[in-house]
Amino acid sequence: MSLTAQRSATAASTADRKLFGLPLAAIFVLCYFALQTILVTVVSNGAGLDDAEQLANIGYLDWGYGGSQPPLYTWITNLAASVLGTSMLTLQIVKFSILASLFLSVYGAIRLLGFSRIVASASMLGLFLIPQIGWESQRALTHSVAGTAGCGWAFLAFAWHMRTRNMASAAALGVAMAAAILGKFNASFFLIMLIVTGLLIPEYRRILLSKLSFVTILAFAVCFGPTALWMFAHKSSVMARANKFEIGASGNVLYDRLMGVESLIEAAFLFAILALAIAGIIAIIHWKKKTAPSAPLTTGEKFLRLLILVGLIIVLVGVVVTGANNVKDRWLQPVLFLTPALMASLLARYRTGNRALIDYAAVSAVVALIVPPVLSYYLTYGSNSPPYGQLDYRHFYEEVQAKGPFKTILTDNAQIPGNFRLFDASLHVVHPETPDVRAHLTPPVLVLWFGGATPNERIARLLQNANIAVPQDGIVTTDIEYKTRPDKHITVSYFLVP
């Protein structure tokens, strides 16, 4: 055996090795996110924008929370806080546990679809090559994390159902599909592409058209039904952020469609380019190992290849039909998060041996290890301006407390009140996206907004809905400094209502 062949065999053996019954890649993922949980907690002074919103909303349980966002992430955070307490550590445990579940779900699904362990490992680690997952989800996102993880759960449940074909797997698929939509509404794109692609594969079509699908539908309806009813009763809350799609923005039917398609192409490029580029470079490096396999594609390979293509077509149709002008790359997470899995399957098929796959997994792991120090610096100092998490919330909280007691905070933005709940978890927060404002008001009330003594439009509207008059005096305006940048501050104003 040549030295090169020996090295490839050794590398392949290492990649297939297990520890505590788990593949090394899975151990890496679990240790990585455990480290991130601790690291982010240690470097964080307070919660950023998305986490602060969660802190504000977990003060109560409901079937929905407004802001065009579904409730799953808030439910999970609420449950974790009730067990572990409301803290930065709890927030990070929730986020990084959900992220870890996404990675492990991809691994499990790829294995159930018939791929080798090394392909599944490369598919899982390749998720670190997607900036919206490897960086942005760790830095800031919440609902998108739950939505994409829910898609991972649905992908795993689908693969399991195609393998076992029983009532338990059918019910699990329905529950996982509901969880995906309860995580993020755009996960519906993934569910549609999952079912449509499954129907295009004869082996899967027979299962999807069997009586077992009634079990799936029933499980989905039971899990999603209450939130669906809440959505119908709170249409304005569900559509609160619909303007971000810029539907029909120009007023020209053709121009709107062209701009939407251009935005979709750009978003898809930005989302997947790193994973595609790394796979392309590795394929070129291993060009001499190129092979043209004579064996036909397996059912799993056919399904994975079709899945992303069908998803992009579905999104394209959606853009053209609605006239949406704006498509953000993060919105494509449910459609394109399996790009690394597709790349891994192609490397496995068209390159002899496992060396290309091992290189793909190794580069993914290296990219993942770059994130912790960079993220630590960002959460401490930010980029152009310091992050909201570094505001001196403790000092401001003590200042307001000295003015008098309060049980509810009525605010134009959940950032500061959410962080106040780190000091007093009994506080209720009402912000512009809170449905049924009056139902959540418990006096005494602290009215708080960004800016000078004159209430801005957002807080003025809330005050009107709550039937609270602006006092002639008693409004306090102050500056909150950033702990890591004392030369920077934000201005806020507030008054107390007995």
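Kindly establish whether A56 is in a helix (DSSP H, G or I), among the aliphatic types (A, V, I, L, M) and touching a Pro at 6+ places or on another chain (Cβ under 8 Å). Lay out the reasoning, then the answer.
On the way: in a helix (DSSP H, G or I): yes; among the aliphatic types (A, V, I, L, M): yes; touching a Pro at 6+ places or on another chain (Cβ under 8 Å): yes.
Considered against the rule, which asks whether it is in a helix (DSSP H, G or I), among the aliphatic types (A, V, I, L, M) and touching a Pro at 6+ places or on another chain (Cβ under 8 Å), A56 comes out as yes.
Sort out which residues of segment 417-443 are more than 27 Å from L89 (Cα to Cα) and in contact with a Gly (Cβ under 7 Å, 6 or more places away or on another chain), and write them in order of number.
Selection gives P435 alone.
Condition first: part of a loop (DSSP other than H, G, I, E, B) and either in contact (Cβ under 8 Å) with a residue 40 or more places away in the chain or under 30 Å from N354 (Cβ atoms) (or both). Now tell me which residues in segment 244-285 satisfy that.
So the first thing to find is which residues in segment 244-285 are part of a loop (DSSP other than H, G, I, E, B), and the list is 246, 248-252.
Once the filter is applied, which keeps residues that are part of a loop (DSSP other than H, G, I, E, B) and either in contact (Cβ under 8 Å) with a residue 40 or more places away in the chain or under 30 Å from N354 (Cβ atoms) (or both), segment 244-285 yields E246, G248, A249, S250.
For segment 157-225, give me every one of the helices (runs of 4 or more DSSP H) that falls completely inside it and has 1 or more residues that are in the same structural domain as G114 (by TED's automatic domain parsing), among the acidic types (D, E) and touching a residue at least 24 places away in the same chain (Cβ under 8 Å).
Details: elements: 167-183, 187-200, 202-208.
Hits in segment 157-225: 202-208.
Please go through segment 83-117 and give me each residue that is β-branched (V, I, T) and within 30 Å of S44 (Cα to Cα), ordered by number. Quick ask: steps written out before the conclusion?
As a first pass, look at segment 83-117 and keep what is β-branched (V, I, T): 83, 86, 90, 93-94, 98, 106, 110.
Passing the criteria: V83, T86, T90, I93, V94, I98, V106.
Would you be able to tell me the number of residues in segment 79-119 that are surrounded by fewer than 19 Cβ atoms within 10 Å (Cβ to Cβ), polar (S, T, N, Q) and not in a helix (DSSP H, G or I)?
Within segment 79-119, residues that are surrounded by fewer than 19 Cβ atoms within 10 Å (Cβ to Cβ), polar (S, T, N, Q) and not in a helix (DSSP H, G or I) number 2.
Please pick out the residue among I308, I282 that is surrounded by 15 or more Cβ atoms within 10 Å (Cβ to Cβ), of a type in the set (A, V, I, L, M) and in contact with a Ser or Thr (Cβ under 7 Å, 6 or more places away or on another chain).
Numbers: I282 fails: in contact with a Ser or Thr (Cβ under 7 Å, 6 or more places away or on another chain).
Among I308, I282, only I308 is surrounded by 15 or more Cβ atoms within 10 Å (Cβ to Cβ), of a type in the set (A, V, I, L, M) and in contact with a Ser or Thr (Cβ under 7 Å, 6 or more places away or on another chain).
Does segment 364-386 hold any residues that are of a type in the set (S, T, Y) and loosely packed, with under 14 Cβ neighbours inside 10 Å, and which are they? Reasoning before the result, please.
The initial filter retains those residues of segment 364-386 that are of a type in the set (S, T, Y), namely 364, 376-378, 380-381, 383, 385.
Of everything in segment 364-386, those that are of a type in the set (S, T, Y) and loosely packed, with under 14 Cβ neighbours inside 10 Å turn out to be Y377, S383, S385.
The values are calculated or read from the model by the stated rules, or taken from the named source; none is laboratory data. Everything quoted here is computed from the prediction, not taken from an experiment. Quick reminder, even Gly has a Cβ in these numbers, built from the backbone with ideal geometry, and neighbours come from all protein chains shown.
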